[in-house]
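The values are calculated or read from the model by the stated rules, or taken from the named source; none is laboratory data. For clarity, every value in this text was computed on a predicted model and none was experimentally measured. Here the Cβ positions follow ideal geometry from the backbone for every residue, glycine too, while neighbour counts run over all protein chains shown.
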Ligand code: MG
């Protein structure tokens, strides 16, 4: 069952989303060659707790980190640790924040210094796919329209959407109904209605869509070792269209300036 949220409840998720957004901006600044993913994890946990929040991933089904940090061919669920970032890496940073009992979830994939042309186009394509999918999050659309928007963009750009990992509804729980595949038929699936809150998250490989889970039980890699990217927003469906509750796509300076007005909608 898809739980619809009241306007007050959406504001609670938006408050968690603002902490999360500032955390991602901070991580983006810190993610440089020579830094370990463990250092990023520590910084994220400190920041989230300093804002009165809790890192949603810490302890989730036993996950040891506060964030997921997944470099290069790792798609998602990377455990932060001794990995030292190098120039030319791409790094997916996935963060969840619980504030006042409500959860927000978002991810970005960042380049570490100058990256290959293939890596840069993978990032641009995955981010564009998220933007196009978010634009479908309006009353009267169907879930398949969201899924299809991701698939259409990614496949047009010659990349592969991962089939066995999905986005999700979000609210009191990090993972609520519905599951949101990154492929599908337009005009199919549940009708989208005002008050639904969705974590939309394209996960994309350069090569084949197959994945494998590493021996740590968490880290998910592209099976063929090709580069992978992941971008995610928590989005509320408003009467007039999507409202992004994790507006990391805004410029940090502009976002901070307009934070009072970060009744932020708009597109990534
Ligand atoms: Mg998610």
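For residue 168, state whether it is within 23 Å of residue 228 (Cα to Cα), free of Cβ contacts under 8 Å to residues at least 12 places away in the same chain and within 12 Å of the ligand (Cβ to nearest atom).
Judged against the criteria, residue 168 is not a match.
On the given criteria, is residue 253 modelled with pLDDT under 95 and not in a loop (DSSP other than H, G, I, E, B)?
Considered against the rule, which asks whether it is modelled with pLDDT under 95 and not in a loop (DSSP other than H, G, I, E, B), residue 253 comes out as yes.
Is at least one residue of region 198-207 part of a loop (DSSP other than H, G, I, E, B), away from the ligand (no atom under 15 Å from the Cβ) and within 18 Å of residue 154 (Cα to Cα)?
Within region 198-207 (the criterion being part of a loop (DSSP other than H, G, I, E, B), away from the ligand (no atom under 15 Å from the Cβ) and within 18 Å of residue 154 (Cα to Cα)), the answer is yes, since at least one residue qualifies.
Does region 101-109 contain any residue that is part of a strand (DSSP E or B) and either away from the ligand (no atom under 16 Å from the Cβ) or free of Cβ contacts under 8 Å to residues at least 24 places away in the same chain (or both)? Please lay out each step first, then the result.
Step one: of region 101-109, the residues part of a strand (DSSP E or B) are 102-109.
From what's left, either away from the ligand (no atom under 16 Å from the Cβ) or free of Cβ contacts under 8 Å to residues at least 24 places away in the same chain (or both): none.
For region 101-109, residues part of a strand (DSSP E or B) and either away from the ligand (no atom under 16 Å from the Cβ) or free of Cβ contacts under 8 Å to residues at least 24 places away in the same chain (or both): absent.
Out of 117, 126, I need the residue that is out of contact with any helix residue (DSSP H, G or I) (no Cβ under 6 Å at 6 or more places or on another chain) and either modelled with pLDDT under 95 or surrounded by 21 or more Cβ atoms within 10 Å (Cβ to Cβ) (or both). Which one? Before the answer, list the steps.
Values: 117 fails: either modelled with pLDDT under 95 or surrounded by 21 or more Cβ atoms within 10 Å (Cβ to Cβ) (or both).
None of the other options fit; the residue is 126.
Of the residues in region 171-181, how many are outside any loop (DSSP other than H, G, I, E, B) and within 10 Å of the ligand (Cβ to nearest atom)?
Residues in region 171-181 being outside any loop (DSSP other than H, G, I, E, B) and within 10 Å of the ligand (Cβ to nearest atom): 1 in total.
If I ask for residues that are surrounded by fewer than 18 Cβ atoms within 10 Å (Cβ to Cβ) and closer than 19 Å to residue 5 by Cβ, which ones from region 130-144 would you list?
139, 140
Limited to region 89-100, what total is found for residues that are more than 16 Å from the ligand (Cβ to nearest atom) and in contact with a helix residue (DSSP H, G or I) (Cβ under 8 Å, 6 or more places away or on another chain)?
Matching residues across region 89-100 total 4.
Here are some conditions: (1) under 16 Å from residue 146 (Cβ atoms); (2) touching a residue at least 40 places away in the same chain (Cβ under 8 Å). Residue 219 meets all but one. Which one does it not meet?
(1)
What is the residue count in region 214-249 for residues that are more than 19 Å from the chain's Cα centre (by Cα) and either closer than 30 Å to residue 4 by Cα or part of a strand (DSSP E or B) (or both)?
Residues meeting the conditions: 4.
For the structure I just gave you, tell me whether residue 238 is loosely packed, with under 15 Cβ neighbours inside 10 Å and touching a residue at least 24 places away in the same chain (Cβ under 8 Å).
No.
Look through 158, 140, 184, 189 and report the one residue that is over 21 Å from residue 20 (Cβ atoms), assigned to a loop (DSSP other than H, G, I, E, B) and without any contact (Cβ under 8 Å) to a residue 40 or more places away in the chain. Explain how you work it out, then say what you get.
Values: 140 fails: without any contact (Cβ under 8 Å) to a residue 40 or more places away in the chain; 184 fails: without any contact (Cβ under 8 Å) to a residue 40 or more places away in the chain; 189 fails: without any contact (Cβ under 8 Å) to a residue 40 or more places away in the chain.
None of the others qualify; the one that does is 158.
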